[in-house]
Structure formats: structure tokens, C-alpha cells
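Report on the structure given below.
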Amino acid sequence: MRRAVDWESVADELYGLRPDRFTAARNERALAARTAGDQVLAARIRALRRPTLAAWTSNLLVRERPDETRALVALGEGLRQAHHELDGERLRELSRRRHAVVSALAREARQLAADAGQPVGEDVQHEVEATLHAVLADPGAAEEWAAGRLTKPLSAPVGFDAAATDAAAHRPARRPATPEEAAKAPSRSPGTGTARKAEKEDKEKQRRRAEEEAAEQRARRERIERAREEAAMARREAEERAEEHQRAEAERQRAQADLHDAEQRAAVLAEELQRAEERRHTAAAEARGARDRARVADRSARHARHRAEEAAERLARAADDR
């Protein structure tokens, strides 16, 4: 009895495989769905794209380290909330944790890939780090990553305050005022809101400036990410072309071997044909000689009979004369 094919389980299975095993397994599952009569499911399975090495490594981290996955998602939620509330102290604290956690998780993902039999280089580790930064920046990216089915690395959206978080982390912490400074400071009575307004405007300027810096840094990172992705795509295409060349070369070698075997067989058959032709000529010559000898023997036999008849006639006449 054929087991039913389920898209969710197939997708989980496929994105848990190493990229070099993905395509063959996907085609096999699609064929099983088509054989079972579910053409829609077969088309959905065929549409699944093979993950890049960086995407597979990021998926592997999700599958093998679920606790760290949840912790990173929670850290991203805290960062976004602190930025929204302009909580500088919390931004500084979470930013320090962000750098340490992302670096540690990217290294761990690289080690997991090696343990799974697919070593990856530093470029893949950098792409994993970019994916983790995107998870911290965007709840949508966090949800997509946590599903464990990425096909390519993620990048944080332009305008997110990853850089703004860095800027907040570098702002000097506000120290308590000394008694002298407190005495000189203007009164913050409820009736005077000028200082509060100025402080609010200053914070708004700092926020806009931080967002502009974040956008510039994000644009630079996106250019780098695009270049990396294009390079990765070029490498994958080169690998596919190399595989095609290897298959074509193997087919050429097999065809050459078949041709060589056929030529050798033809040579053997030609030699056998030549020997058979020679035997035919020899047999024909022997047959002609036998026919000639038979004719000579026949003539000799007739002559002998003729002489015997003549001798018999002479004997008969001699007997009559007596």
C-alpha cells in the first residue's frame, strides 16, 4: 500500500537534507505525488527551490538548536521595543548581547554544517550572520527563519535601526547631576515645558539622524548582500555547468567504449568471414577435383566394361568355332 504524500512533511524533510541531495529527493517525492494522482501536490513539490548553502546552514541551526532560536527571536522583540520607546540604556544592553549572540550562533551553525558532512566557509558564515541580523530586525523574517525552510539568506529591511541601535549604544549614559549643577539647572515646574520640548526635539533629531545612518549602512549591507548572492548564484551555476560537463564527458566515454567494442567485434567478424570465405574456396576447389576424378573414374569404368564385353564376345566366338 502506497503511503500518502503530505506537502508539509515533504517540505520539512527536503529542507532538512543537504543541498546536494535536495533535487533528487524533491523529484522523487513529486513523482510519488503524481503517481498517487495528486497533480496539484506534485506541482507544489516541484516548485520547491533548493536552498543555498547559507540558507541550509541557517535552517540547520533552527532544527538543531530550537532553544537558541526562540532566544534570538525574543531578543529581536526586545530590541524593537526598546528602539520604539527610545530606551537608550536598554538599547545599549541589548545591542551588546546582539553582537555576541549573532557571532556565537553563526559559528555554531558553521560547526553544525561540518558535523552534518557539509563544511562551509567564512563567506557562508557571514551570510548566516546577515540572516540572524534580519531576524532581529524584522518579525516577518524571524517567522520565516523559525520555519526552517529558507532558500536563500535573509537581509534586514532598509530603515530598521540595527545601526540606530549601535548609535544608541555609543551615546554616553546620563550621569546624575551634582548639587551645584542641580542648583543652576532651570526649574522643571509644570508651568514651564520649554526644556522638555527642547529635549524632545533633540531626541527626535537624534532619532532621525540615527535612522538616516541606519539606512545608509543598510544600503551598503544590501549591496554587499546582493554581490554575495550574485557570486553565490554564479558559483551554483558554474557547479551545475561542471556537473553537466561531467555527465556529458561520462556519456562520451561510454559511447567511445561502445564504439571501440563494436569495432573490435566487427574486426573479429570480418576475420571470421575471411576465414569462412577461404574455407569455401578450398571446399569448392576440392569439390571440383572430386568431380574431375569422378569423371575420369567413370570413363575408365566404361572402357573396362567395353573391354570386358569384347573379351566375352571373343570367347563366345572361339567356343562356336570349336
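The values are calculated or read from the model by the stated rules, or taken from the named source; none is laboratory data. A quick note: this is a predicted structure, and the numbers were derived from the prediction, not measured. Glycine gets a Cβ as well: all are built from the backbone with ideal geometry, and neighbour counts include every protein chain shown. Remember, those area values only see protein heavy atoms, side chains included, never the ligands or the DNA or RNA. Shrake-Rupley method; radii C 1.70, N 1.55, O 1.52, S 1.80 Å.
A few comments on the model shown:
- Check on Glu272, at pLDDT below 70 and either closer than 20 Å to Ser155 by Cα or not β-branched (Val, Ile, Thr) (or both): no
- Residue ID - farthest from Ala242 (Cα to Cα), chosen from residues in the stretch 5-24 that are among the aliphatic types (A, V, I, L, M) and surrounded by 15 or more Cβ atoms within 10 Å (Cβ to Cβ): Val5
- With respect to being surrounded by fewer than 17 Cβ atoms within 10 Å (Cβ to Cβ), modelled with pLDDT under 90 and among the basic types (Lys, Arg), Arg107 falls outside the description.
- Long-range neighbours under 9 Å by Cβ, at least six apart or interchain, first residue modelled with pLDDT under 75 within the stretch 199-218, second in a helix (DSSP H, G or I) and hydroxyl-bearing (Ser, Thr, Tyr): Ala210/Thr165; Ala214/Thr165
- Residue within the stretch 11-34 that is modelled with pLDDT under 90 and out of contact with any Leu (no Cβ under 9 Å at 6 or more places or on another chain) present: no
- Selection count, the stretch 21-42, where residues are in contact (Cβ under 8 Å) with a residue 12 or more places away in the chain and not aromatic (Phe, Trp, Tyr): 13
- Scope the stretch 29-38; condition open to solvent by 20 Å² or more (accessible area, probe 1.4 Å) and more than 20 Å from the chain's Cα centre (by Cα); matching residues: Ala32, Arg34, Thr35, Ala36, Gly37, Asp38
- Criterion (outside any helix (DSSP H, G or I), open to solvent by less than 60 Å² (accessible area, probe 1.4 Å) and at pLDDT 90 or above) met by exactly one of Leu41, Leu48: Leu48
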